[in-house]
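Below: the structure, in structure tokens.
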Amino acid sequence: MGPIGVYVCSSTSACLSLLVLIIFVLNITVTTMAEELVPSIGAIASLLLTNKTSQMQVGYFLVIPNMVLSLGAILLIYLYEHTAYTHRREQERPTEDAPKEIMMY
């Protein structure tokens, strides 16, 4: 897949994870969809709800390690590519560090 593919997949995963976190929190706090959904079910339409609360459980918080690991993969690939590029550049010019007498012959 190469480093570009890992960059694309990991950055897409991290961005979508952040988007999911934001949209879910906005959906829970701003809208009243969760409170309106339960009484709208046909069999329990006459249900009267009190103490309406919505909570974020474990599945929501498992998105955070996914985002962190995606960003970690991007950082790891970047550091590997940077090290490989630096090593390649050092191998291309081995005579720069040589003494001048050796370079003259």
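Just so you know, all these numbers are worked out from the coordinates, no wet-lab data involved. These numbers come from a predicted model, not from an experiment. Methodologically, a virtual Cβ is constructed for each residue, glycine included, from the backbone with ideal geometry; neighbour enumeration extends over all protein chains shown.
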Which of L37, L76, L71 comes first, and how do the rest follow, when ranked by fewest Cβ neighbours within 10 Å?
-> L37, L76, L71
So, in nm, how far is label R89 from label Q57 when the simple model puts each one 7 Å beyond its Cα toward the Cβ?
-> 5.2 nm
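Ranking M67, M1 by Cβ neighbours within 10 Å, fewest first, what do you get?
M1, M67
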